[in-house]
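Enquirer: Once you've had a glance at the structure underneath, I'll fire off some questions.
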Amino acid sequence: MTVTDQATGGATQPAELRRQGRVGVITLNAAPVNALGARLRAAIRARIEEAEADPEIGAVVLTGAGRLFSAGADIAEFDGAADGPDLGELIDRVEDTEKPVVAAIHGQALGGGLELALACHHRLATPSAKLGLPEVKLGLVPGAGGTQRLPRLVGPRIAAEMIVTGKTVGAKAAQAAGLLDAVTAEDGLIADAVTFAEALLAEGKPIRRTRERDERLLEARDESGLFDAVRADNAKLFRGFEAPQACLDCVRAATDLPFAEGLAFERDTFRRLMRGAQSIAQRHVFFAEREVARIPDLPADTPTRPIHRVGIVGAGLMGGGIAMNFLNAGIPVTIVEAAPEALERGLGLIRKNYEASAKKGRLRPEDVTTRMALLTDSLDFEALAACDLVIEAVYENRDLKRSIFERLDRIAKPGAILATNTSFLDVDAIAAVTSRPQDVIGLHFFSPANVMRLLEVVRAEKTAPDVVATAMRLARTIGKIAVQVGVCFGFVGNRLLDQRQREADRLILDGALPRDVDRVLQGFGLPIGPFAMMDLVGLDLGWSREASKGESVRDILCERDRRGQKTGAGFYDYDESRRATPSEEAEAIIREVAQRRGITQRTVSDQEILERCLYPMVNEGAKILAEGKAWRASDIDVVWINGFGWPVYTGGPMHWGDAVGLPTIVESLRRLEAEHGPDFKPTPLLERLAAEGKSFSEFDRERSAKRG
Ligand code: 3H9
């Protein structure tokens with residue numbers, strides 16, 4: 001029986017104390033990730049007090065059960081008033097313990113989990129362990145002493161870098177930096193930690209508390225400009241986000257203030273950020289990205305089909321990018337093209353991409369060889385017969401895609417999944433040309449497919465549940481975040497994009513300049529404005545001179561060979577290094593088209609640009625929900641954050657809509673409808689939620705409760 005069992009009469013505890021000789025081993029045991037919620041905090045405190053009171057115990061080892069040490073504070077608690085001991089107080093209490101405490105880390109020690117370890121008197125970890133303070137990704141600073149203790153162990157520069165980026169470090173690097181005392185054997189963590197604790201007892205040295213160590217802090221005083229340098233090195237992370245600067249300020253406080261004052265500064269900063277809109281949005285995204293994997297009508301034990309080989313039809317930019325995802329995950333790929341030159345070009349591009357990664361040190365040269373060796377190319381469609389999943393990735397043409405599916409139906413082995421990478425087309429209609437619509441699904445990758453995290457899993461009317469489950473599982477294997485969507489024009493991502501594009505196109509006729517629209521949307525936090533985006537993609541995508549009526553701005557730009565960056569001109573002019581400047585010619589074309597259409601141009605305010613571009617997206621999201629094409633509003637947020645770079649600190653279009661206030665959006669849409677027509681008509685669901693004073697997140701909660 002453990003010491004805890006004796007104390008609790010055998011009931012399972014979230015933290016247990018077991019004695020090994022003179023060492024008390026406290027094990028955190030709160031599946032799945034040992035999040036430091038109220039019960040676990042209370043249990044750790046109780047076990048520490050028991051160990052301290054037990055005369056048989058001379059030293060303590062603190063470790064985690066399951067696959068990791070601890071994922072940190074329980075994020076779900078942040079929205080309410082937390083019970084039990086405050087995490088910061090508990091961590092201070094651990095540091096105060098009169099017997100040496102050794103943290104024994106495996107898997108991961110993240111956020112509050114690492115902060116707990118920092119307050120232990122010594123730290124050991126397995127070689128595969130990862131340590132980090134990722135709070136910044138939740139719009140927070142570490143709030144339980146991490147910004148004060150970490151610089152004392154590793155110095156302010158490494159600490160600032162870790163805290164501002166939220167990146168984890170491996171055990172070896174952590175040891176080199178001074179964060180770990182030693183790296184243990186992979187399988188002998190507890191035994192090594194107990195031996196380490198026994199040695200401490202034998203040595204009888206005084207306890208070494210992190211808060212009392214300040215030798216590494218002097219570095220910041222010696223290295224002026226250290227914090228500016230960290231900011232400059234990570235400039236991208238600071239754009240629009242509040243937390244990274246707050247993280248730097250806290251580490252600076254560690255170097256400038258006595259420990260207790262630095263700690264107080266950190267706690268105030270943490271509390272301020274936790275209540276702020278950015279952290280609320282980023283926490284929403286954290287949970288939304290996990291919720292999205294749960295498909296309400298698909299039980300968790302739905303069987304999946306084995307995928308040993310993937311076939312890809314089309315070796316273009318998209319097909320090649322898709323292939324790389326599977327090769328990276330060690331899954332063999334057969335890629336098929338119709339013409340030898342196209343196949344050659346496609347393979348060359350894949351190799352070039354890998355070689356570029358190797359050059360940048362992101363890939364070992366031998367990995368390039370291994371990955372390319374998994375790739376089989378062919379000009380013969382029959383080569384796809386052995387594949388368990390075939391993804392069609394040819395250009396967006398209904399008849400072409402249908403004919404490919406007719407051929408696949410004849411060739412593919414029974415049970416093979418047949419997927420289309422269409423962005424807009426009707427997957428039901430594609431499935432209907434086969435004799436096995438239950439095996440057909442849409443897998444909509446986003447360009448560049450080897451980089452973008454989003455995958456829309458388009459479930460057609462007859463797609464079998466195990467096909468959907470397989471797609472969701474596979475997405476995880478290749479590192480994508482999959483969102484299950486229903487069949488409709490543009491699915492979720494492009495359907496919202498269409499709304500924005502329509503308004504952007506109208507706004508420039510009304511008098512806004514392309515650079516105004518781009519500036520406002522970039523200022524909002526989107527990575528690129530709609531016109532710069534069109535120039536980047538190419539204005540002639542889906543345009544042909546023969547079909548051009550020369551009526552729209554785009555038609556005329558294309559006719560004048562202003563097809564975007566590749567021709568050195570589009571909505572903007574470009575120099576040799578593709579730097580954009582406003583274009584007189586493009587602006588004259590816009591004025592000309594406006595005049596022809598009888599539009600009197602006027603000054604358009606930034607607020608009008610924002611509302612006209614973004615409110616219809618929220619409205620369309622509501623329509624998608626009402627039609628059941630997405631399971632949750634938060635799924636739509638996940639699509640736009642991961643597929644289009646919507647700023648995560650606003651939580652996605654639907655969460656942002658909630659933050660603006662649905663009644664405000666409805667009121668503006670009604671006004672815009674009166675001024676500009678029915679495209680702005682608020683959808684009934686949006687009107688209802690606004691009238692009932694509800695938000696999309698309440699809508700999600702209610703829908704989920706109804707489903708049970
Ligand atoms: C913090 O520590 C603040 C302190 O500085 C100060 C406080 C005063 N809390 O991701 P997974 C859930 S802030 C609550 O699918 P994986 C997660 O929702 C925290 N729940 O697994 C999921 O639940 P469900 C700083 C959490 O193997 C389940 O666990 N720490 C937490 O792909 C499995 O998660 C972080 O930011 C949590 N802290 O990845 C680390 N963590 O099954 C956040 C996880 O119901 N966590 N859950 O959907 C992670 O990065 C990943 O979850 C981890 C595992 C790498 C640990």
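The values are calculated or read from the model by the stated rules, or taken from the named source; none is laboratory data. Please read these numbers as outputs of a predicted model, since none were measured by experiment. Don't worry about glycine lacking a Cβ; one is built from the backbone with ideal geometry, like all the others, and counts go over all protein chains shown. Remember, those area values only see protein heavy atoms, side chains included, never the ligands or the DNA or RNA. Shrake-Rupley method; radii C 1.70, N 1.55, O 1.52, S 1.80 Å.
Enquirer: I need the full set of residues from the stretch 519-534 which are over 19 Å from residue 618 (Cα atoms) and in contact with a helix residue (DSSP H, G or I) (Cβ under 6 Å, 6 or more places away or on another chain), in order please.
Expert: 531, 532 - these are the residues of the stretch 519-534 that are over 19 Å from residue 618 (Cα atoms) and in contact with a helix residue (DSSP H, G or I) (Cβ under 6 Å, 6 or more places away or on another chain).
Enquirer: While we're looking at this one, here's another question. Of the conditions (1) closer than 28 Å to residue 515 by Cβ; (2) in a loop (DSSP other than H, G, I, E, B), residue 587 satisfies every one except a single condition; which number is it?
Expert: (2)
Enquirer: Would you be able to tell me the number of residues in the stretch 266-314 that are within 14 Å of the ligand (Cβ to nearest atom) and part of a helix (DSSP H, G or I)?
Expert: Looking only at that region, the number is 22.
Enquirer: Residues that are touching a Leu at 6+ places or on another chain (Cβ under 6 Å) and either of a type outside the set (Lys, Arg) or outside the structural domain of residue 680 (by TED's automatic domain parsing) (or both): does the stretch 646-658 have at least one? Steps first, please.
Expert: Filtering the stretch 646-658 down to residues touching a Leu at 6+ places or on another chain (Cβ under 6 Å) leaves none.
The answer is no; no qualifying residue exists.
Enquirer: If you scan the stretch 97-152, which residues turn out to be surrounded by fewer than 24 Cβ atoms within 10 Å (Cβ to Cβ), more than 12 Å from the ligand (Cβ to nearest atom) and basic (Lys, Arg)?
Expert: Within the stretch 97-152, just 99 meets the criteria.
Enquirer: Cβ-Cβ distance below 8 Å, separation of 6 or more or different chains: which pairs start in the stretch 464-492 with a residue that is at positive phi and end on one that is of a type in the set (Ser, Thr, Tyr)?
Expert: 490/423; 491/423
Enquirer: Using the structure shown, decide if residue 252 is part of a helix (DSSP H, G or I), away from the ligand (no atom under 16 Å from the Cβ) and charged (D, E, K, R).
Expert: So residue 252 fits the description; yes.
Residue-by-condition table, conditions (1) in contact (Cβ under 8 Å) with a residue 60 or more places away in the chain; (2) among the small types (Gly, Ala, Ser); (3) open to solvent by 10 Å² or more (accessible area, probe 1.4 Å):
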residue	(1), (2), (3)
389	yes, no, no
399	no, no, yes
405	no, no, no
408	yes, no, no
417	yes, no, no
422	no, no, no
425	no, no, yes
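Enquirer: Right, something else. For the stretch 288-347, which positions are closer than 23 Å to residue 394 by Cα and of a type in the set (Val, Ile, Thr)?
Expert: Within the stretch 288-347, 307, 310, 312, 313, 322, 331, 333, 334, 335, 336 qualify.
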